[in-house]
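The values are calculated or read from the model by the stated rules, or taken from the named source; none is laboratory data. Quick caveat: nothing in here was measured; it's all calculated off a predicted structure. Ideal geometry is used to build each Cβ from the backbone, glycine not excepted, and the neighbour counts take in all protein chains shown. The protein model used for the area step is the full one, side chains on, heavy atoms only, and it has no ligands, DNA or RNA in it. Shrake-Rupley method; radii C 1.70, N 1.55, O 1.52, S 1.80 Å.
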Amino acid sequence: MTAATGSYTYPEFLACLVSRQIEDGRPAFVGAALPAIRAGTLLGHLMRGPNMRMLISMTTTNVYHNPVIDRFSYVTDWRGGRWAEHYRVVEDIFGGMRRVARWRGFFVGALQVDPYGNTNLLGVRARDGRPAMRGPGCVGTPSVTAVAESFNILLNRHTPATFVARCDYVSCPGWVDGRPGAREALGLRGGPDLCLSPLGVFDFSPRTRRMRLRSVHPGVTTADIVAATGFELEIPDTVPETAPPTEEELELLRTRVDRHGELRKGERPWPTST
């Protein structure tokens, strides 16, 4: 596939990164309120997942052959049911979480993330230890990340206040403290696979379970990332640049998934948007 030569926004870039984590033959969850993740999951379905079962809003379906997958805004948005093969209630989904044990690529947002991929969506403490800001809450993410084969972490900011040595609260445990068997001791499966930020892509060392720099986004340097991170990263000797969107990815994204340009509204061409 050929890299795109035109401009694209950071949300479009992020959607393309998300799409590359989608695998055919596995179920995938299309969440709500995070347009780039929703678009990226659907894009991955169109590009490499003709046999996937998609959980869209509260429905299960396959939309691979749909000419256009129009937008929907939130998890109970009735518009998500237009493609439904059947409709599911929340109790059916979260009451039998072992059914999602084959999920990979599920994305978890965070206010904070620590070196071992523990994430915080609950709130941030002030210096005196008292709560200073209330977060959106974790909803069903602890249930999914406890049983899924793996999950990914997405942060919309990359600063020392978001990449922290220790989370103020933990909503979704990552590799806990890095010790072998730490997740299993808590009865948890899987663990975090990737972390995506506006500056780069990160994975976790199999040996230490600490966050490791995997690639830097176009226009970003390793030094930029080190300066913006509140803990010591593991950095390989050679760090590649994150592959930009391809012409095929942007074509499908703009004509079949995001034809209203939701990912381009109010955004300057990337990477200045980071």
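Measuring with a 1.4 Å probe in the full set of protein chains, what accessible area per residue, in whole Å², belongs to region 155-248? Write down the numbers at each step before the final one.
On the way: 4570 Å² over 94 residues.
Result: 49 Å² of accessible area for each residue.
With a 1.4 Å probe and all protein chains left in place, how much of the accessible area of region 157-200 comes from carbon and sulfur atoms, in whole percent?
It is 56 percent, rounded to a whole number.
With all protein chains present and a 1.4 Å probe, how do R207, R179 order by accessible area, largest first? Each step should come with its number before you reach the end.
Working: R207 195, R179 160 Å².
From most accessible down to least: R207, R179.
When all protein chains stay in place, what accessible area (Å², nearest 10, 1.4 Å probe) is found for V170?
80
When the chain is fully extended, how far beyond the present Cα-Cα distance does N51 get from T238, taking 0.36 nm per residue of separation?
Details: separation 187, 0.36 × 187 = 67.32 nm, distance 3.61 nm.
Here the answer is 63.7 nm.
Roughly how many nanometres apart are two label points built 7 Å out from the Cα toward the Cβ at T255 and S205?
Calculated label separation equals 4.6 nm.
Please report, to two decimal places, log10 I(q)/I(0) for region 104-200 at q = 0.15, 0.21 Å⁻¹ as given by the Debye formula with identical point scatterers on the Cα atoms and no solvent.
Normalising to I(0) and taking log10 leaves -0.54, -1.04.
Which whole-number percent is the relative contact order of region 116-274 (Cα, under 8 Å, 6+ apart)?
On the way: 262 pairs, mean separation 34.2, N = 159.
Across region 116-274, relative contact order equals 22 percent.
When Lys and Arg each count +1 and Asp and Glu each count -1, what net charge do the other residues less than 14 Å away from A185, Cβ to Cβ, add up to? Intermediate values should be presented prior to the final figure.
Numbers: positive: R179, R183, R189, R209; negative: D177, E184.
The answer is +2.
So for F163, F106, what's the accessible-area order with a 1.4 Å probe, most first? Before the final figure, lay out each step's value.
Values: F163 0, F106 25 Å².
So the residues, ranked largest to smallest area, are F106, F163.
Cα centroids of region 196-221 and region 145-173: how far apart, whole angstrom?
13
How would R254, R259 line up by accessible area, probe 1.4 Å, largest first? Each step should come with its number before you reach the end.
On the way: R254 75, R259 125 Å².
Greatest to least solvent exposure: R259, R254.
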